[in-house]
Structure formats: structure tokens, C-alpha cells
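Peer 1: I'd like to ask some things about the structure below.
The values are calculated or read from the model by the stated rules, or taken from the named source; none is laboratory data. Given the structure is predicted, the values throughout are model-derived calculations rather than measurements. No Cβ is skipped: glycine too gets one built from the backbone with ideal geometry, and neighbour counts run over all protein chains shown.
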Amino acid sequence: MTRRFAGCMALLVLLSACRDDKLLPSNETIIKDLQAEPASAPPQVQARPVLYLDTSASMRGFVHGTARSGVFIRTVNTIYRQAAQTYADHEMWGISATRTRLEHLSDIENEALYSGEDTPLSRIVSDLALRVREGKSALFISDLVQSEGFMDLRDLARAIMELASGSAPARNAAAAVDATPAQGNRISIALLAFRSAFDGNYFVETAPKGKFQVRLSGNGDDARPFYLLVAAPSSGAMEDLNRTILRDLKPEFVFSPTEIQIRIDSKKWSFPPGDAERHWDIFQHAAPAALIDKFVLEDCAASTCPLDLVFNANEQLGVKSEGDFAAQVARVPYAMGRASGKMTSAVWVPSIRRVPLATKDKLPAHLSYRITYPLPRPATNEWAAYRVIVSAGRGNLAQPEWVLRWSTHDDGNKENINQTLNLDAVVGTLIHEISEKAVFFDHMILVRRK
């Protein structure tokens, strides 16, 4: 009798072990089935820099008369000197309607250099994209004044999409969808904003066009903005630029659209306070390398059993509405440790509620994100894996406050000379084509009924 009892107990233990080991799929299997393999880290290598200086006539006021001692010449000299010292194979070009090779550092201060016709900004951005596709870093110094109004805005959006995706421009609307930046895009972009003294003619682009004489001291708001647009083929190449060419620069503001604008650590979460009914309990919390949280359903007889989790968040750009976040959910079912079906889109999407936390600074805003997964009640003896990815959604990120202050839609008024025509359109295009499409939340869970 004792032997029979011992044998039965051994069998029960074996069956229990089989249930735990065979029903539970491995993390590697889940990651592969959900197509969530992490992208390989970009190599930390140098990229040959190509420097472009806007040499249109509108830039001459930065190097004329009282402006010669201003921030512009000091900044451009620093950029070109650092490039010459740290990259033996760098290139320097003056660009407007045509390109001129700059052979000497003194060329930068030559007023005669700045006599070119206006060039559509979109054409220059397309040239930057070409250099990035060649594996080079591209740096463009300009006042970013567009010369063809809304036509240039349309082409600019296409050129920025080309730059961000690292691909050639699409030939038709259907191909344009495939040309949008993919998750894990390796291109890195930054916009650095400066202000400097200005002494010369400003050429008005809004109707009625014309020009007027301007003299700005460079002190405070009595200054003219200029910008450095940087595009590198990888984050490693951008880091290399930060250690070399960009190291000693002192911009007033920096905006990097390729950086994640909403930061959530999906590995660190908590259950919300006890005011909500809790149907799920943790089965296994993801270790840093595992990436997958596992939950078991404790008590829920309904067809939908919500799982509530709280994450800390940090917003670099303001979010207009959490209801406009773009979410996708993929699902794979498992039986006996193996996928029992193909990956499909889940029939639900998460709901997200932002809860502000006390902070002294306006931005970045420190928040708590309460995310609810309306999970279907799992089948018996089945695990279901879900991957939840969320991006900001089109038109859902606010522009940096400084961009709104530095932007104007009427450059014919002398009072607006310390602002940039349609700067909000340039930065807005970067946000729409890059920042709002970037995935800021990527969470994988594995669930079953207890």
C-alpha cells in the first residue's frame, strides 16, 4: 500500500512538472513568434561628415559689419575647425542654387560668398538624405527660411520622410507607405538652434515680397536665429559627432526628433491602488533579459477580464490626448509549449490614462500611465501571448515651446525679424514624419487561467 501511495505521489509530481514545463512556452519562442527580436545595436563607427553652409544672400547679414563678432561666425568656425581636425576626409560646401567647394576656413567670413539665389529647403534636405544613404553624416547651417511657400512645405514633408527612412523617394502613393520610417530606424537627426547679431538686408518671402535693412546686436531677443540640422546614418555616428564636431557648440535649444519623445520603462510597473477589482496575479515578473511578464487569471467569470498596470513615464513633448495614441496588439496562442496558431491581430486595444505627478518643471513632464488591457478570458490549459506596441499617433504631439516663440507666418514685419518664417512647419514636419510614428511602448505578456 505504501509503495502504491508513493508511486501515485511520484506520478502526481511528474504530471505537475509536465504541466509547468510543457504548457509554458520559452521566452525565446514567444519573442520569435511575436516577431519581437530586438534590433542589433548600431556599430560605434565614424561616418565621413559632409558640411553644408547656406550661402544665399539672406545669410550675408550674419558676416557683415557689426555682426562679424557675433555667434554665427564663431559657431561656424568651430564646426569647420573641429571637422578639419578630427576627420581627414571631411567635405565642406557652400550651397544655394549651386554648390561651391569651400577649401579654406577664411571662406566662411567672405561676404562675397553669400550671394546665391534662394534654394528650396526640400532640395537641400533631399541632398542630406543622399549623403546619409551613402553612409555619411550631413550637417547643414542655415536660417531655414523657405523660398517657395506651401509648395516647398509639401516637398519638404516628402524630403524629411526620405531623410528619416534612409531610402530613396517613393515614386507613387502606394510606395510612399512603404517608405515611412520603420521601428528601429537607425538614422539619427538633431536640430540645434542659435541666435546671432545680424547687419544687412533681409529678403521678405511673404507677399508683398521685398527687402529691408536690419541691424541686430545679438543680445537677447535682439538677434536673428540660425540653425544646424544634423543627420547621421546611426546613433553611433551621432555620438561620434557629439564627441567631436558638436562638442564645443552652445545652442540655445536642441530638438532630436529621432529620440523617443515619451519614455516608459515597460519592465518596471506596479498594480494600481486597491480601488479597482484585480482579476490577475503575477505568475512571473520579467527579468531584464526576459522581456515577458506572465500573469494568471485569479477570479473572473466574464468574457473580458481587464488587467490594469501602472507605469512611470516621462514626456519630452506634450501629448494632446491619450485617446489618440496609436496602438497595435498581436496575439499568439500556445498549447503544450508550442504555438497552436499563427500570430494575429488581437480584437482589443489598450486604454491609457495619464496621471500627472508633482514636478517643478513644465517639461519633461513626469507622469504615471495607467494602462488597461481588456483581456479575453483565456481557454483552459492554454497560454496566450500578446505584444502591445504604442506610438503617439498622428498630430498628437505638441511642438516645443521655443519653436512656437521663434516662428512667424509674416516675415514682412520688421518686428518679427527675430523669428523664423514657418519654423513651426519645419519642426512640425519632423514631428509628424518621425516622432509621432516612433514606438514608445513595447510590452509582451503571457497569460492563462489559473
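Peer 1: Out of segment 222-233, which residues are modelled with pLDDT under 95 and surrounded by fewer than 22 Cβ atoms within 10 Å (Cβ to Cβ)?
Peer 2: none
Peer 1: Counting only residues that are under 30 Å from His443 (Cα atoms) and touching a strand residue (DSSP E or B) at 6+ places or on another chain (Cβ under 8 Å), how many does segment 388-412 have?
Peer 2: So the answer is 11.
Peer 1: Look at Ala392 and say whether it is of a type outside the set (Ser, Thr, Tyr), surrounded by fewer than 19 Cβ atoms within 10 Å (Cβ to Cβ) and under 17 Å from the mean Cα position of the chain (by Cα).
Peer 2: The answer is no for Ala392.
Peer 1: Can you give me the number of residues within segment 398-435 that are part of a helix (DSSP H, G or I), without any contact (Cβ under 8 Å) to a residue 40 or more places away in the chain and over 18 Å from Arg154 (Cα atoms)?
Peer 2: Going through segment 398-435 one residue at a time, the tally reaches 5.
Peer 1: Taking the stated definitions as given, is Ala398 at negative phi and touching a Gly at 6+ places or on another chain (Cβ under 6 Å)?
Peer 2: Considered against the rule, which asks whether it is at negative phi and touching a Gly at 6+ places or on another chain (Cβ under 6 Å), Ala398 comes out as yes.
Peer 1: If only one of Glu322, Glu298 is acidic (Asp, Glu), crowded, with 18+ Cβ neighbours inside 10 Å and in contact (Cβ under 8 Å) with a residue 24 or more places away in the chain, which one is it?
Peer 2: Glu322
Residues are listed down the side, and each one gets a yes or a no for (1) surrounded by fewer than 18 Cβ atoms within 10 Å (Cβ to Cβ); (2) in contact with a Cys (Cβ under 6 Å, 6 or more places away or on another chain); (3) assigned to a helix (DSSP H, G or I); (4) modelled with pLDDT of 55 or more:
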position: Ala6; (1), (2), (3), (4): yes, no, yes, no
position: Asp21; (1), (2), (3), (4): yes, no, yes, no
position: Ile30; (1), (2), (3), (4): no, no, yes, yes
position: Thr66; (1), (2), (3), (4): yes, no, yes, yes
position: Arg74; (1), (2), (3), (4): yes, no, yes, yes
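Peer 1: Another question, then. State all residues of segment 222-249 that are part of a loop (DSSP other than H, G, I, E, B) and touching a strand residue (DSSP E or B) at 6+ places or on another chain (Cβ under 8 Å); if no residue qualifies, say none.
Peer 2: Answer for segment 222-249, where residues must be part of a loop (DSSP other than H, G, I, E, B) and touching a strand residue (DSSP E or B) at 6+ places or on another chain (Cβ under 8 Å): Ala223, Pro233, Ser234, Ile245, Leu246, Leu249.
Peer 1: Answer yes or no as to whether Gly70 is more than 27 Å from the chain's Cα centre (by Cα) and modelled with pLDDT under 90.
Peer 2: Judged against the criteria, Gly70 is not a match.
Peer 1: Another one. Within segment 254-266, is even one residue outside any strand (DSSP E or B), touching a Phe, Trp or Tyr at 6+ places or on another chain (Cβ under 6 Å) and at pLDDT 90 or above?
Peer 2: yes
Peer 1: List the number of the failed condition for Glu277; all other conditions in (1) outside any loop (DSSP other than H, G, I, E, B); (2) among the acidic types (Asp, Glu); (3) over 29 Å from Glu436 (Cβ atoms) hold.
Peer 2: Condition not satisfied by Glu277: (1).
Peer 1: Among the residues of segment 325-355, how many are in contact with a helix residue (DSSP H, G or I) (Cβ under 7 Å, 6 or more places away or on another chain) and surrounded by 16 or more Cβ atoms within 10 Å (Cβ to Cβ)?
Peer 2: Number satisfying all stated conditions: 4.
Peer 1: Shifting gears a bit: Within segment 373-392, how many residues turn out to be in a strand (DSSP E or B) and at positive phi?
Peer 2: 0
Peer 1: Could you tell me whether any residue of segment 81-96 is outside any helix (DSSP H, G or I) and modelled with pLDDT of 95 or more?
Peer 2: Looking for residues that are outside any helix (DSSP H, G or I) and modelled with pLDDT of 95 or more, one finds none in segment 81-96, hence no.
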